[in-house]
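Enquirer: Sharing a structure, written as structure tokens. Questions coming.
Read-outs throughout are calculated quantities, based only on the coordinates presented, and are distinct from any laboratory measurement. A quick note: this is a predicted structure, and the numbers were derived from the prediction, not measured. In this analysis, Cβ positions are derived from the backbone assuming ideal geometry, glycine residues included, and neighbour counts consider all displayed protein chains.
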Amino acid sequence: MAITVKKELFMLALVTEPNVRKAYEKANISNNTAYKWLNDKEFQSAFTQFKREMMRATTARLQSHTTNAVDVLSKIMVDENAPANARVQSVRTILEYAYKGIELEDISERVERLERNLINDD
């Protein structure tokens with residue numbers, strides 16, 4: 001089963017509409033066609049890939065704003081005129097994500113080391 005423009009439109013509708021019915025109506029396909037595609041392994045695989053690509057693009061957009069987000073948190077944190085709870089929350093957020101970053105780096109290094117050991121054992 002080739003992934004046609006119609007199928008791509010249906011995939012997009014599936015992630016933007018609240019339910020399958022609205023998705024197949026938006027994609028201008030029948031109920032039978034929609035469920036036939038939804039039950040097709042190739043369509044399921046393509047749809048999974050489609051959703052992954054959408055999440056990669058979304059993640060890239062989010063990451064492009066991280067510097068600005070940290071700048072905003074930093075400004076609130078040091079602004080003596082900001083409410084105390086906002087300053088505390090900024091501090092908490094910065095520290096929490098700094099620790100999470102270190103944690104992820106440590107886990108990544110450990111996984112890489114384990115993978116190297118597994119490869120060397122073979």
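Enquirer: Return yes when Glu105 is of a type in the set (Asp, Glu), under 22 Å from the mean Cα position of the chain (by Cα) and surrounded by fewer than 13 Cβ atoms within 10 Å (Cβ to Cβ) and no when it is not.
Expert: Values: of a type in the set (Asp, Glu): yes; under 22 Å from the mean Cα position of the chain (by Cα): yes; surrounded by fewer than 13 Cβ atoms within 10 Å (Cβ to Cβ): yes.
Yes, satisfied.
Enquirer: Could you go through region 79-93 and let me know if any residue there is of a type in the set (D, E, K, R), more than 30 Å from the chain's Cα centre (by Cα) and assigned to a loop (DSSP other than H, G, I, E, B).
Expert: yes
Enquirer: Please go through region 26-39 and pick out each residue that is part of a helix (DSSP H, G or I) and under 25 Å from Thr58 (Cβ atoms).
Expert: Listed by number, the residues that qualify are Lys26, Ala34, Trp37, Leu38.
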